[in-house]
Amino acid sequence: MSVLKKLSSWWKGGIREITLFLVVYTAYSLTQDALPDRQLLAFHNTYNVIDFETRLKLFWELNIQAWFLRSDFLVQLVNSLYTLLFFPVLISFGIWAYKYHRQQYLIARNAIFISAVIAFPCFAFYPVAPPRLLSNLGFVDTLATYMNLKTSSMPTHLVNQYAAMPSLHMCWALLVGIATIRIAKTWWLKAVGILLPLLMFVTIVATANHFILDAIVGAAIAGLSYTLALLFAKLIKHGVSP
């Protein structure tokens with residue numbers, strides 16, 4: 001009977017967590033219609049990002065992508081990593097950490113929610129177009145060109161075309177990486193935690209889905225969110241719950 005109760009508790013907890021993430025995703029979908037003329041504003045903001053990077057001497061995206069475009073293998077690699085390192089990794093980490101490292105899971109989950117609270121208003125009120133939409137500057141949408149995956153043709157409630165700043169790909173990969181390092185007992189798992197955000201950074205820039213500044217801001221939000229999640233856990237003396 002205790003085993004059945006444990007399984008029942010695990011499944012109820014799992015359903016609760018899935019529901020919470022669906023609520024977050026619903027909130028994300030609502031960020032797309034906050035302002036009129038979003039497309040015009042998004043491209044205006046994009047050129048502001050480019051100008052700011054240029055002043056900081058960080059506008060390296062074209063050169064980075066050009067290096068990968070020299071090889072079909074490298075392009076296909078970063079295209080695949082762009083997909084695999086996000087939702088598959090998040091889901092796999094969530095299942096593993098929820099089952100075996102509940103306290104670290106809760107901290108990472110709360111950090112993701114905090115980052116969403118910070119990022120979603122940015123998407124709503126400061127939309128930024130990704131570099132892949134700037135073909136006039138020489139950027140290539142590698143997912144569309146090499147994999148025929150055109151995000152612009154996807155339903156608008158699934159993909160926000162103008163949510164480049166900050167990069168949640170970078171933010172959430174870094175949060176999972178931090179949590180993995182804190183959980184890991186072996187060197188190779190710690191290495192995975194270190195490599196994950198580094199690979200994500202290279203991938204989002206090489207595929208022209210984010211600017212370097214998007215990634216920097218995403219990483220800063222990850223650091224702030226994880227710090228707040230740790231403080232929150234200490235304040236309420238967060239324990240392991242079903």
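Here the accessible area of region 91-151 is 63 percent carbon and sulfur, with a 1.4 angstrom probe and all protein chains present.
Label separation (residue 43 vs residue 95): 4.3 nm, computed from points 7 Å beyond Cα along the C-beta direction.
In terms of accessible area, using a 1.4 Å probe and ignoring ligands and nucleic acids, 211, 120 rank largest first as 120, 211.
Amide hydrogen proximity for residue 128: with H placed 1.01 Å from N in the peptide plane, the residues at 5 or more positions away or on another chain lying under 5 Å are 163, 164, 165.
Qualifying trypsin sites (Lys or Arg not before Pro) in region 169-198, where qualification requires a DSSP coil assignment and no more than 11 other C-beta atoms within 10 Å, comprise 185. Spacing of the modelled spin labels on residue 192 and residue 227, each 7 Å from Cα toward Cβ, amounts to 2.9 nm. Annotation: peptides 85-94, 222-231, ranked by per-residue average of other Cβ atoms within 10 Å with the highest first, follow the order 222-231, 85-94.
Extending 7 Å from the Cα toward the beta-carbon at both residue 102 and residue 22 defines two label points whose distance is 2.3 nm.
Accessible area per residue, 1.4 Å probe, Å², for region 165-210: what's the number?
Values: 1760 Å² over 46 residues.
Result: 38 Å² of accessible area for each residue.
The magnitude of the dipole of region 91-227, with charges of +1 and -1 set on the Cβ of Lys/Arg and Asp/Glu and taken from the Cα centre, is near 520 debye. Here the gap between residue 235 and residue 58, fully extended at 0.36 nm per residue and compared with their Cα-Cα distance, gives a gain of 59.8 nm.
The values are calculated or read from the model by the stated rules, or taken from the named source; none is laboratory data. Values in this document were obtained by computation on a predicted structure and should not be read as measured data. Quick reminder, even Gly has a Cβ in these numbers, built from the backbone with ideal geometry, and neighbours come from all protein chains shown. Ligands, DNA and RNA are stripped out before the accessible areas are found, and what is left, the full protein with its side chains, is counted by its heavy atoms. Shrake-Rupley method; radii C 1.70, N 1.55, O 1.52, S 1.80 Å.
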